[in-house]
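Accompanying notes for the structure given below.
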Amino acid sequence: MAKLDGKFLRGMIGPVVNKKYRNLQVITQSPRYNPNKRTEPSKKAAVKFGVASNFACSIRDNFYNVIVQLYDGPMINRLLKEVRIILGQSLDQQTDTFNFDSESFSRLNGFEFNEESPLRDNLFIQPVTTLTGPNLQAQFPDMHIPQDLKFPKTSNVCMLGVAVGMYDLSYGRRILSPVQSIEIKNSPDGVIIPAKQFNFEIEPGCLCIVVISLQYLKTIFSGNMLINNKQFSPCGILNATMANGQVDELKTKHWKKMDFRTTSPLT
């Protein structure tokens, strides 16, 4: 449908598009999309992009309650870029299926969900993750406050949370383990927080992504108020690894479904 704009027509009428260019009426042929004219490589590229996009969406949605939408604007595209590279490197070109090993997702190690306030610029210790059988441990060394943890001026309490997202890539399922956390109070005079170990039970054969978040609070008359916002919300991936073993389909059958599985070829 076209509309009259002064003495010029704007919009589509039948197979033509009317527009104004400088002080002239311009009529052009309307663009037509013909899916049958797409080449096989372009179709395949579109499928791969869709698979990567869905998988990246599943990763971030699994951590919805941890990230709480306080990520920077480009985060979705940054994560998608990393996932596309990972999938491209793990794709078997002969069968169009994915083959992952324990280090396939290591590119995600250190990924920041909010580049406006990177976790690495607010937490100055190096936690270590170890995976032994069905047990995953995130080990934090002694923490010296205030040297090892940055506090905003308006905050006097930080909730340091650790979460593990598990992804059954064989059957297309995901789950978030219960978030574990410790409360750390700001102490300008100095205090040592003893070493802490967070323990999680994981399922063999699953992708395990460990995320750390810092939620800062301000004490007010009615309790504690969260001060994290879009410009300041440190949260990042500590480690992403594939656990050894085979997935037990019965143990993941009640997990949330996701639109990705290694057993389905890219066709």
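So the values come out like this:
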| quantity | calculated |
| --- | --- |
| Options 173, 120: the member that is surrounded by 12 or more Cβ atoms within 10 Å (Cβ to Cβ) and basic (Lys, Arg) | 173 |
| Selection within region 79-115 - over 27 Å from residue 69 (Cβ atoms) and among the aliphatic types (A, V, I, L, M) | 91 |
| Search result, residues across region 254-267 that are over 18 Å from the mean Cα position of the chain (by Cα) and modelled with pLDDT of 95 or more | 254, 255 |
| Residue in region 210-229 that is over 22 Å from the mean Cα position of the chain (by Cα), within 25 Å of residue 52 (Cβ to Cβ) and open to solvent by 80 Å² or more (accessible area, probe 1.4 Å) present | no |
| Any hit, region 196-208, residues being of a type in the set (S, T, N, Q), open to solvent by 20 Å² or more (accessible area, probe 1.4 Å) and modelled with pLDDT under 95 | no |
| Criterion: among the aromatic types (Phe, Trp, Tyr) and open to solvent by 40 Å² or more (accessible area, probe 1.4 Å) - qualifying residue of 100, 140, 105, 113 | 100 |
| Of residues in region 176-185 being open to solvent by 60 Å² or more (accessible area, probe 1.4 Å) and not polar (S, T, N, Q), the one farthest from residue 119 (Cα to Cα) | 178 |
| Pair list, Cβ under 9 Å, 6 or more apart: region 43-71 residue closer than 19 Å to residue 168 by Cα, other residue among the hydroxyl-bearing types (Ser, Thr, Tyr) and surrounded by 14 or more Cβ atoms within 10 Å (Cβ to Cβ) | 55/167; 58/167; 59/167; 60/71; 62/167; 63/213 |
| Residues being over 20 Å from residue 242 (Cβ atoms) and open to solvent by 30 Å² or more (accessible area, probe 1.4 Å) - total across region 125-137 | 1 |
| Residue among 188, 146 that alone is touching a residue at least 12 places away in the same chain (Cβ under 8 Å) and open to solvent by 60 Å² or more (accessible area, probe 1.4 Å) | 188 |
| Sole exception among (1) under 21 Å from residue 146 (Cβ atoms); (2) assigned to a strand (DSSP E or B) for residue 197, by number | (1) |
| Region 79-102 - residue that is among the acidic types (Asp, Glu) and over 19 Å from the mean Cα position of the chain (by Cα) and, of those, farthest from residue 49 (Cα to Cα) | 101 |
| Test result for residue 4, modelled with pLDDT under 75, open to solvent by 50 Å² or more (accessible area, probe 1.4 Å), on the phi < 0 side of the Ramachandran plot and not acidic (Asp, Glu) | yes |
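The values are calculated or read from the model by the stated rules, or taken from the named source; none is laboratory data. Because the structure is a prediction, the values reported are computed rather than measured. Heads up, the Cβs are rebuilt from the backbone with ideal geometry, glycines too, and the neighbour counts pull from every protein chain shown. Surface accessibility is based on the protein's heavy atoms, side chains included, excluding ligands, DNA and RNA. Shrake-Rupley method; radii C 1.70, N 1.55, O 1.52, S 1.80 Å.
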